[in-house]
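Student: My questions all concern the structure below.
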């Protein structure tokens, strides 16, 4: 299994797992979804995960072209940056953490698609760029996404439709990863 196939399969499976509860138990899914944008717990968890990921990427990159003092600065600076974000940017922290992860995952998706010659790789690339735009929007105007989430989770029918679209997208990526790439 090549890198694009593995990336598409994993992303597809994650999307399916994340959206399936909305089809099965929409009441509970709606309640959790509506609380998510202002969740302090999930904001800290997602930001911590993003900080560790960024720290690792920067630490590895510092080995190649950066000066020798950069690695210790990264080891000290990333936890400080995490603490400052948690302390001073706590509004809609969960959405901003999700936006950071969307950017990081989008980079992995584009890097994996760049190694393929298949035209179907554009499905993964297009989704990655849509996620980049969504991440920018989530960071700049998180209250808009909160309002959109409130509209899309207003009742069980809308919840199921939105989740069905997500599951369909996940199945498409899964099929591409397993059978096309």
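The values are calculated or read from the model by the stated rules, or taken from the named source; none is laboratory data. This one's a predicted model, so the numbers in the text were calculated from it and none came from an experiment. Every residue, glycine as well, gets a Cβ built from its backbone with ideal geometry; the counts of neighbours run over all protein chains shown.
Student: Output the helices (runs of 4 or more DSSP H) that fall wholly within the range 72-181 and possess 2 or more residues being closer than 22 Å to residue 6 by Cα, or say none.
Tutor: It comes to 93-114, 121-140, 156-175.
Student: Let me ask something else. Being surrounded by 13 or more Cβ atoms within 10 Å (Cβ to Cβ), at pLDDT 95 or above and within 14 Å of the chain's Cα centre (by Cα): is that true of residue 19 here?
Tutor: So residue 19 fits the description; yes.
Student: If you don't mind, another one. Being within 17 Å of the chain's Cα centre (by Cα), loosely packed, with under 15 Cβ neighbours inside 10 Å and outside any loop (DSSP other than H, G, I, E, B) is the requirement here; does residue 54 meet it?
Tutor: Criteria not met by residue 54.
Student: Within the set of pairs 6+ apart or on separate chains, which have a first residue in the range 53-69 that is over 18 Å from residue 107 (Cβ atoms), a second that is assigned to a helix (DSSP H, G or I), and C-beta atoms under 8 Å apart?
Tutor: What qualifies is 63/71.
Student: Can I ask one more? Can we say residue 170 is surrounded by 17 or more Cβ atoms within 10 Å (Cβ to Cβ), under 16 Å from the mean Cα position of the chain (by Cα) and farther than 14 Å from residue 92 by Cβ?
Tutor: yes
Student: On to the next question. Is the range 75-84 home to any residue that is under 22 Å from residue 168 (Cα atoms), modelled with pLDDT of 95 or more and crowded, with 18+ Cβ neighbours inside 10 Å?
Tutor: No, every residue in the range 75-84 fails to be under 22 Å from residue 168 (Cα atoms), modelled with pLDDT of 95 or more and crowded, with 18+ Cβ neighbours inside 10 Å.
Student: Taking the residues in the range 92-106 that are under 18 Å from residue 147 (Cβ atoms) and over 8 Å from the mean Cα position of the chain (by Cα) as candidates, determine which candidate is surrounded by the most Cβ atoms within 10 Å (Cβ to Cβ).
Tutor: 95
Student: Would you pick out the residues in the range 130-167 that are touching a residue at least 40 places away in the same chain (Cβ under 8 Å), buried (at least 17 other Cβ atoms within 10 Å of the Cβ) and more than 20 Å from residue 26 (Cβ to Cβ)?
Tutor: Passing the criteria: 138, 139, 142.
Student: Given the condition more than 27 Å from residue 173 (Cα to Cα), exposed (fewer than 13 other Cβ atoms within 10 Å of the Cβ) and either in contact with a strand residue (DSSP E or B) (Cβ under 6 Å, 6 or more places away or on another chain) or modelled with pLDDT of 95 or more (or both), answer yes or no: does some residue in the range 61-72 qualify?
Tutor: So far as the range 61-72 goes, no, none of its residues is more than 27 Å from residue 173 (Cα to Cα), exposed (fewer than 13 other Cβ atoms within 10 Å of the Cβ) and either in contact with a strand residue (DSSP E or B) (Cβ under 6 Å, 6 or more places away or on another chain) or modelled with pLDDT of 95 or more (or both).
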